[in-house]
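Since the structure comes first, as structure tokens, the remarks are kept for the end.
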Amino acid sequence: MTATLPSRGNVLVRLSGPVADVALAAVTVVVFTAVALATGVRNPWEGALPLALFLGVLLFLRRRWPMAVLLLSVAGIVVYHHFHWSPAGWIWPVAAAYFTAATAPRMVRWVALVGAAQIVYSAVHAGPIVDRNLSRYVVHVLGESVLLAVLIGGGVTYAAVLRWRAGARETEGRARVAEERLRVAREVHDIVAHTLAVVGVHLNVAADTLREEPAEAAAALAVAKEVRARAMQDLTALIGVLRDAPEATVPQPGLDALDTLVADARATGMDVTFTEQGERSAVPATAAVAVHRIVQESLANTLRHGGAGRVRITVGYGPEAVTLEIADDGEPGPVAGDGHGLTGMRERVGALGGELTAGPVDGGYAVRATIPVAGSAA
């Protein structure tokens, strides 16, 4: 069963489109005619079959005009019973119309009022039964009333379920959008922050050595240009994703790119020690991206704020988790605060079920993280 929620707020039942409409119409025609014949109608063309066809045709319009279909259906039943005595029911032939109208918001009271009026009229019309069989009369009235209550209650409940599902889908959609925006923001921050930090150091070197050491200045500018070109490729891919370009993919660097990060940092003149333990190949892609981004952001912070001369990077690839530490001998400075970079690192690690700590240590500043390996007991 499917349902639509129109923009104006009317909740109309959709069973499964035209196929369901045809099925409901056919069932109405066949069942109503069969019941009429079973209760003593000799010539169905004199009233039963035309009414059944009328009720069946109306069902094709129930989603667009639910209340109008209900009123016309009830009117047809009243006219039929007024001119043709029959013990056939009053409510069940228009069950689909009642159910559909009950799903429309702000219409439940009117649907209940129409149903109550039909029950009262049917009770009066069935008055002669009292003299012959009082219990049958009571069963008739109570049965019709219970069926009406079930149809209205079912329609109201179904409409509420549809609205709840629509709200849940909307909430889930907003959450996905927010998560995607946060992910893109982290990617942009990591790419831009690292690029600006490395390029800025090399530009300072070039500016300081331009006159006395032009060759060194040229080398620094060349490295800055190379780093800038890589960052532009990553940003272009990100923009492609934001524009829904099907051929674009979000740049997801892995562990192999750690060597490039270390080389970029060493090219600035910083003493970088890079130690790895274990096998890179055993690390899944999601954890590898997190390791790369943490090292990237930590090095960018060291270059921008720390005033450090040495940095030690230690990465351990274990069967249960990846551990890493980036420690330098600089001053904590603004890095100690929860800036966007540190927040982004914590979000990355937390999303994978790991932990990250960052803060001053003896003689410097350190970032430590533990990232569980997907599929491990951790």
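Return the pair list, or none, for Cβ contacts closer than 9 Å from residues in region 99-122 that are open to solvent by 60 Å² or more (accessible area, probe 1.4 Å) to residues that are outside any helix (DSSP H, G or I), at least 6 apart or on different chains.
From region 99-122, the pairs are 106/9; 106/10; 107/10; 121/90.
Take the residues in region 345-365 that are crowded, with 18+ Cβ neighbours inside 10 Å and part of a strand (DSSP E or B), then tell me which one is modelled with the lowest pLDDT.
For region 345-365, the residue satisfying everything is 364.
Go over the candidates 79, 74, 94 one by one and state the one that is loosely packed, with under 14 Cβ neighbours inside 10 Å, modelled with pLDDT of 80 or more and among the β-branched types (Val, Ile, Thr).
Just one listed residue meets the conditions, 79.
If you take the residues in region 1-35 that are among the charged types (D, E, K, R) and open to solvent by 30 Å² or more (accessible area, probe 1.4 Å), which one is modelled with the highest pLDDT?
Filtering region 1-35 for residues that are among the charged types (D, E, K, R) and open to solvent by 30 Å² or more (accessible area, probe 1.4 Å), the one modelled with the highest pLDDT comes out as 14.
Test each condition in (1) part of a helix (DSSP H, G or I); (2) modelled with pLDDT of 75 or more; (3) farther than 30 Å from residue 101 by Cβ for residue 197 and report the one that comes out false.
Every condition holds for residue 197 apart from (2).
I'd like the full set of residues that are of a type in the set (Val, Ile, Thr), surrounded by 20 or more Cβ atoms within 10 Å (Cβ to Cβ) and in a helix (DSSP H, G or I), limited to region 257-314.
Listed by number, the residues that qualify are 289, 291, 294, 295, 302.
Please determine whether any residue of region 43-63 is among the basic types (Lys, Arg) and surrounded by fewer than 13 Cβ atoms within 10 Å (Cβ to Cβ). Can you show your working first?
Initially, region 43-63 is screened for residues among the basic types (Lys, Arg), giving 62-63.
Then keep just the ones that are surrounded by fewer than 13 Cβ atoms within 10 Å (Cβ to Cβ); that gives none.
No; the residues of region 43-63 include none that is among the basic types (Lys, Arg) and surrounded by fewer than 13 Cβ atoms within 10 Å (Cβ to Cβ).
The values are calculated or read from the model by the stated rules, or taken from the named source; none is laboratory data. None of these values were measured; they are calculated from a predicted model. For neighbour counting, all protein chains shown are included, and Cβ atoms are generated from backbone atoms with ideal geometry for every residue, glycine included. The accessibility values were calculated without ligands, DNA or RNA, using every heavy atom of the protein model including side chains. Shrake-Rupley method; radii C 1.70, N 1.55, O 1.52, S 1.80 Å.
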